[in-house]
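Here's the structure, in structure tokens; my notes come after.
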Amino acid sequence: MNKIPFTKMHGNGNDFIVIDEFERELVSDQNKADFSYRFCDRHFGIGADGVLFLSKSSRTDFADIKMRLFQPDRSEAEMCGNGICCLVKHACDKKYVLFGSVTVETVAGILTVKVIKNDKNGKIFINVNMGKVKFGRKDIPAKGDGTFLEEKMHGYKVSAVNTGVPHSVIFVDNLDIPLKEIAQKIRFDPVFPEGSNVNLVLVKNNSLRIRTYERGVEEETLSCGTGSVASVVIARRLGKIEYKGSEKTLVKTNGGSLSISEENDCAYMESTAKTVYNGTIELSPAGF
């Protein structure tokens, strides 16, 4: 039997299977997509919103570790806010990197993550420099020129940006509406050649309450870091919330809360990550 160790983790309920390949490859590149398809299944697998593969970065002069994320539909995502928090926490726990500043190579680029451990209660706070949010249609990507703010689509005003992955944002007065039905129309609309994640956002007391439908998972997830960043940045640009300088905006998701801020043209996400359990996958010689 081929035994593959794994760690189950989550960031505000956005859950992942972490495969630690820091010392050696456990799942070949050609099998990573199928591996994710099988083991993200919540009935016949372990169950997760995606599989995180942790390895050494080939760009050692610039990054400490590397993250790859494969989703339940076999696609590879460019970035994931909650995912990078889980990956970095795991790397710190294993002492591959030290608490403090960690650089992570992702498909979306190299990101800097600060990890702070509270000595009194052991709780870990993770702050991710998400980089510059991209507003241009070509960078989202979306067809057409200029920005994509409050465009009428399928009966809603939709705004879109790229926060490592494409995100569409719709501001609503009531979140108790059929997210999946609404989101799939936008997610698969031809205007987005690579698809789009979709967020419903309710503004209340200068904070946001959001629900997110994730591309690749093709379902609503309990939390989404890149979606939270997209929602806050767009809300600020449209004047829907007030803020000063690098002031943090609270985002409440179904799985927990995150804080989003902006400084020097970059967006920052502050959250946490938790280890749920460790296990071993036993594969027959035929594989999966």
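Sorting 220-226, 167-173 by average packing, meaning the other beta carbons within 10 Å per residue, from highest down gives 220-226, 167-173. Between the amide H of Phe171 and those of Val201, distances stay under 5 Å, these residues lying 5 or more places away or on another chain, with hydrogens modeled in the peptide plane. Placing R0 at 51 angstrom, the Cβ-Cβ distance between Glu25 and Ile241 gives a FRET efficiency of 0.70 after rounding to 0.05. Close amide H contacts of Gly47 (hydrogens built in the peptide plane, cut-off under 5 Å, sequence separation of 5 or more or a different chain): Cys40, Asp41.
Taking 25 Å as the limit for the C-alpha separation, the pairs Lys89/Lys180; Lys132/Lys248; Lys89/Lys132 exceed it in the case of Lys89/Lys180.
Taking packing as the residue-averaged number of other Cβ atoms within 10 angstrom, the listed peptides 156-163, 2-9, 277-284, 140-147 run from highest to lowest as 156-163, 2-9, 140-147, 277-284.
Cross-link reach is defined here as a Cα-Cα straight distance under 19 Å, omitting same-chain residues fewer than 8 places apart; for Lys94 the lysines meeting it are Lys8, Lys56, Lys66, Lys114, Lys117, Lys123, Lys274. Compute the label zone of Ile177 within segment 199-233: residues whose backbone N is under 18 Å from the point 7 Å along Cα-to-Cβ. What the label zone holds, given the 18 Å backbone N cut-off, is 199-204, 208-214, 220-221, 231-232. Annotation: the antiparallel percentage among DSSP beta bridges lying fully within the chain is about 85.
Quick note: the coordinates plus some simple rules give every number you see, no bench work behind them. Quick caveat, the model's predicted, so the values are computed rather than measured. Backbone-built Cβ (ideal geometry, glycine too); neighbour counts: all protein chains shown.
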